[in-house]
């Protein structure tokens, strides 16, 4: 009996083994396919991620040609900027806060790559009186943007120009320099200079150390006019070499002593904290005086009558009190 029962069960057991084997084989194939697909997807994702990071590295993190030129120049040159470290730090501090921004510099030299680098990804433009010098600097630093500026003044005329401009009504009007009738306004600069609103302006040129040199009278006046002619925002103006008579007197007169923020060594820093007041409801006479800098900001500790305009306090002259 046992022999006959065993024979009858053998086909059933055999079928069961075959079915289990087929099931396990199918399961193995499914798992293998799934694992292989997962690896392929992971590889594709990793590959795409790597390519994307490579592309980003080539565009986002790659050093710019101008910055590369600057680093190489200062690493291999014994020529240092004319300004001291403390003087440079005054402008650098403002650039750190405002950059990338629009930065106009009167003057072109071996410190120009430094200013362009400190305004990384901003627009830094240089105005230079000497065309030969422009070509020399361009050959060494082709990425710098510079233009030729023509001055029709002489340093020996500074006294006459100050006397005439300080009392002339046309020199107190806030207009585009191209429309100004003031004898100090620079009108022959490239149109890009007039059409741009500058966040910073530095006056470190033209030449101003001998009588036949152009002097910086027009550069200082025009810098102040551009700053005050802005529709909005604040312009910081820097004047270097204020140990000299022209830079000292013209900066105080046309950038206004009341708007001087600080002085470090031979560098003065001015700002137009209130460029125009046309949006304020003021008496026209008062408005004109503030626009033309005839009313000065009230300094800390000063007393007397004053007027508030947009959060700024202006000292009133005795005649207006």
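Read-outs: derived from the displayed coordinates by stated rules, not from any lab. None of the values given here were measured: they were computed from a predicted structure. Cβ coordinates were reconstructed from backbone atoms using ideal geometry, including for glycine residues, and neighbour counts include every protein chain displayed.
Whole number please: convex hull volume per residue of the Cα set in the range 65-198, in Å³? Intermediate values should be presented prior to the final figure.
Values: hull volume 19.4 nm³, N = 134.
Spread over its residues, the Cα hull of the range 65-198 gives 145 Å³ apiece.
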For this session: Return P(r) of the range 131-237 (all Cα-Cα pairs; 5 Å bins starting at 0; whole %; ordered from short to long distances).
Result: 2, 11, 19, 22, 21, 14, 7, 3, 1
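Once the piece of chain linking residue 230 and residue 68 is laid out straight, how much longer is it, given 0.36 nm per residue of separation minus the C-alpha distance between them?
Working: separation 162, 0.36 × 162 = 58.32 nm, distance 3.33 nm.
Gain on extension, residue 230 to residue 68, equals 55.0 nm.
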Problem set entry | 67, 155, 267 arranged by Cβ crowding within 10 Å, fewest neighbours leading | 67, 155, 267
For this session: Once you have the Cα-Cα distance between residue 148 and residue 164, take 0.36 nm times their residue separation minus that, and quote the gain in nm to one decimal.
Result: 3.1 nm
Exercise. At what distance in nm do the modelled label points of residue 97 and residue 175 sit from each other, each positioned 7 Å from its Cα along Cα→Cβ?
Worked result: 3.3 nm
